[in-house]
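Working notes, beginning with the structure itself.
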Amino acid sequence: MKRLYRLLICIIALFIFSAANAAGLILIEWEKQEKAQSYYLQISDTPSFQDILYKSKQKGTKAELPYVEKYKYGRVAAIDENGIVGIFSEPFQVEELIIKKVAPSQKPPIEPEKDPTIYVPRENRIEVFSVDNLKVIKGKFYRIDSGKWRPYQAPVNLSKPGVHTIYYYSIDGIGNAENPRTKTYIVDGEAPNIHIAVKQGILQGSDLLLGQNTTITVHAKDTQSGVKDLTAKLIQRGKSIPLQIANGGSVSLKDTSFAYGILELSSTDQVGNQQKKHIRFTKDVVAPQIRISPDMKETAYFPVGSKFQLFARDTSSGVARISYSINGKPLQAYSEEIIFSNPGEYTISVEAIDRLGNKSRLTSSKITVLSGDFNSKIKIQKK
């Protein structure tokens, strides 16, 4: 039973192209495993097999699949009579075999490109591989766009941003030449753009003033190869804390105890171009300070016609609104000085709110407004 779980060995994995009928076929063959009732075949576009593009159970030790461009790597495992799957083989690459006999003086036609356009970074290395059943390659040739044909000797670098097409073909040791083929690449030299939107907060350049109800929304956009990821983290005094970006792109700083710090946003596209943004943030949790003029601490008695002014001070986000009430009436917005024209006792209640929603306590002061009509009399007492 243990032998069933030893690693399988792939004997051959080829993509065979027939120039006569333009039919593509992937042929995979592996060694036979004793006690194996069947085999489990998986195909992926990467050797890590993060995305399984094809999977099936096979009775024998061969599989023939129609050509699919993304079928680059395969692996096989044996299945015993109880349906238990053994250890997968080492990933093997599906090689290409495209052969056609061409006279030396004949200029072969260029085969149309089958693969989709590929994005590459500016620091790229394009290699031209040849596979021949005799494993003997006489020469490889290529050209870039409308340039001249050149012998291929080393990987090619496409450094200029934009669309480029590489034409290439090879000749084996017995004179077989493949039809020239093409591969189109787009050199992507730009990182994603990170966009930030702030509500109930103040963002000026890379400085952000936060309040209790501030919401931050981030998203990244890449018009070429596309966005691969977008991450956020909090940095303060050498500490780095990853932050969750929720659906819709919202990032919350409410749960952090940091009064200040740096919000780092990072986005990478599909070819590795990266952009980072650093936002310096400060939390504003202090309400405005209120002042009434004239000062009621010195006296609570004022004559009819006295005028009062209300002031509020906020050194962080600034004052948004001052509201006041007389004798318990509903609060109203303060816009001009308050004049008391009638004598009596009054209670002035005042509150202020800053631009981030921090609200002061309702402050109340009592005053007495005195009438200016006095009847003074002099009384003469006899001795």
| note | Taking a probe of 1.4 Å and leaving out DNA, RNA and ligands, the range 135-214 shows per residue an accessible area in Å² of 54
| task | At 7 Å along the Cα-to-beta-carbon direction for both ARG361 and ASN193, put a label point, then send me their distance in nm to one decimal. | result | 4.9
| task | Return the sequence-ordered ³J(HN,Hα) values of the range 145-151 in whole Hz as given by the Karplus equation 6.51 cos²θ - 1.76 cosθ + 1.60 applied to θ = phi - 60°, using x for Gly and Pro. | result | 6, 9, x, 7, 5, 9, x
| remark: Probe 1.4 Å, heavy atoms of protein chains only: per residue, the accessible area of the range 35-98 in Å² is 56
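Rounded, prolate or oblate: which fits the range 156-308 when a ≥ b ≥ c are the square roots of the eigenvalues of the alpha-carbon gyration tensor, with rounded for a/c under 1.5 and prolate only if a/b beats b/c? Can you show the working numbers first?
Values: a/c = 5.52, a/b = 3.91, b/c = 1.41.
The shape class here is prolate.
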| field | Distance between modelled label sites at THR184 and GLN200, nm, 7 Å Cα→Cβ extension | value | 5.0
| query | Using 0.36 nm per residue, how much length does the chain from VAL163 to ILE84 gain when fully extended, once their Cα-Cα distance is taken away? | reply | 23.6 nm
| field | Label-point gap, in nm, between ARG237 and LYS297 - each point 7 angstrom along Cα→Cβ | value | 3.4
| Whole-Hz ³J(HN,Hα) from phi, Karplus 6.51 cos²θ - 1.76 cosθ + 1.60, for the range 204-216, glycine and proline x | 10, x, 10, 10, 10, 9, 9, x, 5, 10, 5, 10, 10
| message | Suppose the chain between ILE118 and GLU336 were pulled fully straight at 0.36 nm per residue; how much longer would it get relative to their current alpha carbon spacing? | response | 71.8 nm
| Accessible area of ILE241 in the full protein assembly, 1.4 Å probe (Å², nearest 10) | 70
| field | Burial order of peptide ranges 60-69, 162-171 (average beta-carbon count within 10 Å, highest first) | value | 162-171, 60-69
| What's the FRET efficiency of SER250 with ASP145 using the Cβ-Cβ distance as r and R₀ = 41 Å, to the nearest 0.05? | 0.35
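The values are calculated or read from the model by the stated rules, or taken from the named source; none is laboratory data. Quick caveat: nothing in here was measured; it's all calculated off a predicted structure. Counting neighbours? That spans all protein chains shown, and the Cβs are built from the backbone with ideal geometry, glycine included. With ligands, DNA and RNA removed, areas are computed over all heavy atoms of the protein, side chains included. Shrake-Rupley method; radii C 1.70, N 1.55, O 1.52, S 1.80 Å.
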